[in-house]
Amino acid sequence: MIKNLKIPIRTCIGCQCKKPKKEMIRIIKTPEGNIEIDRTGKKSGRGAYLCSNVECLDIALRKNNLNRSLKQDIPLQTLDELRRAFLKNIGENN
């Protein structure tokens with residue numbers, strides 16, 4: 001007997017596409033207020049999901065969706081670090 005497993009679906013804050021959680025990249029604001037990529041998907045903190053392409057990150061930044069989702073203004077230096085980490089993360093997944 002095979003159980004029907006429910007696959008969690010998340011919405012990208014860039015392109016608004018709905019995809020399985022495992023296909024998305026989670027960006028969190030930790031309880032200390034740091035912004036980072038959550039590779040496990042289980043860290044505590046307020047999270048936002050993006051597709052694994054840079055275009056969605058650009059859209060989220062341009063429309064201010066990342067700031068709104070994390071309920072924090074993100075400093076420019078942190079955005080640069082996030083972009084570099086995002087590009088590195090995409091390279092690891094391919």
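The values are calculated or read from the model by the stated rules, or taken from the named source; none is laboratory data. Quick caveat: nothing in here was measured; it's all calculated off a predicted structure. Note that each Cβ is placed from the backbone with ideal geometry, even for glycine, and that neighbours are counted across all protein chains shown.
Values as computed for the structure displayed
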{"quantity": "Residue list for region 50-68, filter: farther than 21 Å from LYS22 by Cβ and not in a helix (DSSP H, G or I)", "calculated": "LYS63, ASN64"}
{"quantity": "Residues of region 55-70 that turn out to be more than 15 Å from ARG83 (Cβ to Cβ) and of a type in the set (A, V, I, L, M, F, W, C), as a count", "calculated": "1"}
{"quantity": "Top-ranked residue of region 18-56 - restricted to ones that are surrounded by 14 or more Cβ atoms within 10 Å (Cβ to Cβ) and of a type in the set (Val, Ile, Thr), ranked as nearest to ILE7 (Cα to Cα)", "calculated": "ILE25"}
{"quantity": "Qualifying positions in region 36-49 - at pLDDT below 90 and not in a loop (DSSP other than H, G, I, E, B)", "calculated": "GLU36, ILE37, ASP38"}
{"quantity": "Hits in region 69-89 (condition: touching a residue at least 12 places away in the same chain (Cβ under 8 Å) and part of a helix (DSSP H, G or I))", "calculated": "SER69, LEU70, THR78, LEU79, LEU82, ARG83, ALA85, PHE86, LEU87, ASN89"}
{"quantity": "Index of the failed condition, ILE2 passing every other in (1) in contact with a Lys or Arg (Cβ under 8 Å, 6 or more places away or on another chain); (2) more than 21 Å from ARG62 (Cβ to Cβ)", "calculated": "(1)"}
{"quantity": "Residue among ILE59, ILE9 that alone is among the β-branched types (Val, Ile, Thr), modelled with pLDDT of 90 or more and surrounded by fewer than 14 Cβ atoms within 10 Å (Cβ to Cβ)", "calculated": "ILE9"}
